[in-house]
Amino acid sequence: MHGALIFAGQLALKIATDLEFDYVHATRYRGGATGGQLHWLRAPQLPLVGRCVLLVDDILDEGHTLKAVREDCLRRGAKQVLIVTLCRKLHDRLAPGIESDFNGLDLPDRYVFGYGMDYREQGRNLPAIYALK
C-alpha cells in the first residue's frame, strides 16, 4: 500500500471534513513485478470499531491484497469499508467479491508505474503514470 501515499495525500486535501489517518501495509509483490503470498508489514493502529474506513490504494489489479485488508478492517469491527483506487486494470482476473467504490482511471492490462507506483522499487516519484512496453 506504499504506492498510494502520493494519491492519498492529494485526495485528503480535497476531503472537506476532519479525518483521522492511519497507515496499513500489506503486499504481495515484495519488490518484484508479479504477486505472490500476502505479507502484512503494518496492521491498523487506530480502533476501527463502529467506524467508516476509507481504504485508499494506488491500483486495483487482481484485488487479493485489497480484499484481505478490507476483510481485516471488518474483522476489527469497522461499520463500513469503502475502497478508493487511483487506477483499475481492465481484465478478467479480479478476485471475486472485490471492487473499487470510487476509481480515478481505468487502464489496459499492462504493468504501470509512476505517481507512487513502482517498477522494482523505482519510479514512484515520477509525476505521471507510465506503462512498460
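Could the peptides 50-58, 120-128 be put in order, highest first, of the mean number of other beta-carbon atoms found within 10 Å of their residues?
For the peptides 50-58, 120-128, the packing ranking is 50-58, 120-128.
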Just to be sure I understand the model, the point goes 7 Å from the Cα along the line to the Cβ. What's the resulting Phe21 to Leu46 distance in nm?
1.1 nm
State the label only: which of (i) 49; (ii) 65; (iii) 55 corresponds to percent of Cα pairs over 19 Å apart computed from the shown model?
(i)
Can you compute the modelled spin-label distance between Asn125 and Phe102, with each label point 7 Å from Cα toward Cβ, in nm?
2.9 nm
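No value in this document is a laboratory result; all are computed from the given coordinates. Model, not experiment: these values are computed from the prediction. Heads up, the Cβs are rebuilt from the backbone with ideal geometry, glycines too, and the neighbour counts pull from every protein chain shown.
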